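Before any comments, here is the structure.
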Amino acid sequence: MKEAIAFRGGDREALAFEVRINFGVFAGRNATQAEIDDLAGGLQEVVASFAIVAEERHEFANDVEASARQIVIEVAPEYAGSDIDGLCKRVVARAEQWAKSCIRKRTELGELDSEL
């Protein structure tokens, strides 16, 4: 099974939902500020208010070290409306479309581009 670029994250009490984008896994780099601004512009067509968090996470355990660069879109309950699942699916689709576009434009991984 192919790993998802964008997906609904775990439920957090203060949010209607969050969408996580595995940007670094597929792009091999962090998203630029201009790319994040483009994502925000696209999301404004889908949801009235949201937050975008760019994360660089490092985890360590015994002999294991891992790092991940993700983009997280957070939507508060008051902006989700009555069809939370439907809105989340639209946000995931928009996020995936954005990520694929960014990766195609500036990938250092070459062959990954053909898989998207």
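Across the range 43-57, the number of residues qualifying as farther than 14 Å from residue 74 by Cβ and assigned to a strand (DSSP E or B) comes to 2. When the range 10-26 is filtered for residues that are under 12 Å from the mean Cα position of the chain (by Cα) and over 19 Å from residue 78 (Cβ atoms), the ones remaining, listed by number, are 20, 21, 22, 23, 24, 25, 26.
Just one residue in the set 20, 29, 12 is closer than 23 Å to residue 106 by Cβ and modelled with pLDDT under 95; that residue is 29. Of all the residues in the range 25-42, those that are surrounded by 19 or more Cβ atoms within 10 Å (Cβ to Cβ) and either β-branched (Val, Ile, Thr) or touching a strand residue (DSSP E or B) at 6+ places or on another chain (Cβ under 7 Å) (or both) number 2.
Residues of the range 69-106 that are assigned to a helix (DSSP H, G or I) and closer than 12 Å to residue 16 by Cβ: 77, 78, 79, 84, 85, 86, 87, 88, 91. The condition of being outside any loop (DSSP other than H, G, I, E, B), among the hydrophobic types (A, V, I, L, M, F, W, C) and loosely packed, with under 13 Cβ neighbours inside 10 Å holds for residue 66. The residues in the range 55-93 that are closer than 20 Å to residue 13 by Cα and out of contact with any Ser or Thr (no Cβ under 6 Å at 6 or more places or on another chain) can be counted, and the count is 21. Of all the listed residues (26, 17), the sole one being over 23 Å from residue 86 (Cα atoms) and in contact (Cβ under 8 Å) with a residue 60 or more places away in the chain is 26.
Residues that are of a type in the set (Asp, Glu) and within 14 Å of the chain's Cα centre (by Cα) within the range 32-71 comprise 35, 37, 38, 55, 56, listed in sequence order.
The values are calculated or read from the model by the stated rules, or taken from the named source; none is laboratory data. None of these values were measured; they are calculated from a predicted model. Neighbour counts are summed over all protein chains in view; Cβ atoms, including those assigned to glycine, are modelled from backbone coordinates with ideal geometry.
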